[in-house]
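Chemist: Take this structure, written in C-alpha cells, and hold onto it; I'll ask about it next.
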Amino acid sequence: MASQSSKTTTDHETIRRWAEQRGAVPSTVKRTRGQKNVGVIRLDFPGFSGEGALEPITWDRFFEEFDKQKLALVYQDKTASGRTSSFNRFVKRETAATRGTRRKSTRASSSTSGRTTARTTGRATGRATGRAAGRATARKTTTTRGGAKAKTATGAKRTATRKATSATGAAKRGGASTRSTTTTTRRGGAIKAKGTSKRGATRGSRARA
C-alpha cells in the first residue's frame, strides 16, 4: 500500500537525490532575488505551471541559502494511489521540530490511551470474570450444602425409621413374653389345682378307711 505520510529532512544528499529522481532542479524566485542574496529558493519540476517565474541556480548556492535561512524540506515519496509524488514544501527548522514533537506527543498519547484502555478493559473483564466465577462457586456451594442437608435429613429419617422398627420389634417381643408368662402362670395354676385335687382325694380316702 502506498505511503501517504510526509517526511521532513535537512540532509543535502537526501534532498538532492529526491529532486533529481523527479527531474527537479534547484531554483530561485526571480522577483525575490537580489544582488547579494539568492532570494526564495524552490525546486523546479518539469511542466511546472509557474514556468518563467523561477530561475535555475547551482546546488551549492541552493544549499548555502537553505542553511542560511535554516530551512527544512517536507516531502512525500508516494501519493495515495501509489504514484511518485512531487509534493514538497520548505519550512523553518523550528517549525519542523515543533511538528515532530507534536507528532511524537500525539503518538505517545495514543499509545498511552491505548494501553490505558486495554488495562481498563482487562480489569473490567477480570472483575466480571471474577464475579461470574464467584457466583458460580456460591451456587455450587449452596447446591452442595443443600445436597448435604438433604442427605442428612434422609439419614435422620432412616435412623428414625430404624429406631421405630426396633421399638416395634421390642414391643412385639415384650408382648410375646407377656403372653408366654401368662400361659406359664396359667399352666402353673392348673398343675397346682390338680395337685390340690389329688391331695383332697387322698385325704378323703384315708378318712373313709
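The values are calculated or read from the model by the stated rules, or taken from the named source; none is laboratory data. No experiment lies behind these values; they were computed from the predicted model shown. FYI the Cβ positions are ideal-geometry reconstructions off the backbone, even for glycines, and counts take in every protein chain you see.
Chemist: For segment 47-59, which residues satisfy the criterion of being over 20 Å from Arg16 (Cβ atoms) and at pLDDT below 90?
Modeler: Correct list: Gly47, Ser49, Gly50, Glu51, Gly52.
Chemist: Give me the residue from segment 45-70 that is closer than 23 Å to Glu94 by Cβ and of a type in the set (Phe, Trp, Tyr) and, out of that set, surrounded by the fewest Cβ atoms within 10 Å (Cβ to Cβ).
Modeler: Step by step, filter segment 45-70, then rank; the result is Phe63.
Chemist: Exactly one condition in (1) among the aromatic types (Phe, Trp, Tyr); (2) assigned to a helix (DSSP H, G or I); (3) touching a residue at least 40 places away in the same chain (Cβ under 8 Å) is false for Phe62; which is it?
Modeler: So the condition that Phe62 fails would be (3).
Chemist: State which residue is farthest from Thr9 (Cα to Cα) when the search covers only segment 19-44 and only residues that are exposed (fewer than 15 other Cβ atoms within 10 Å of the Cβ) and among the small types (Gly, Ala, Ser).
Modeler: Looking at the filtered set, the residue picked out is Gly34.
Chemist: Counting just the residues of segment 27-46 that are among the basic types (Lys, Arg) and modelled with pLDDT under 90, which one comes out farthest from Tyr75 (Cα to Cα)?
Modeler: Lys36
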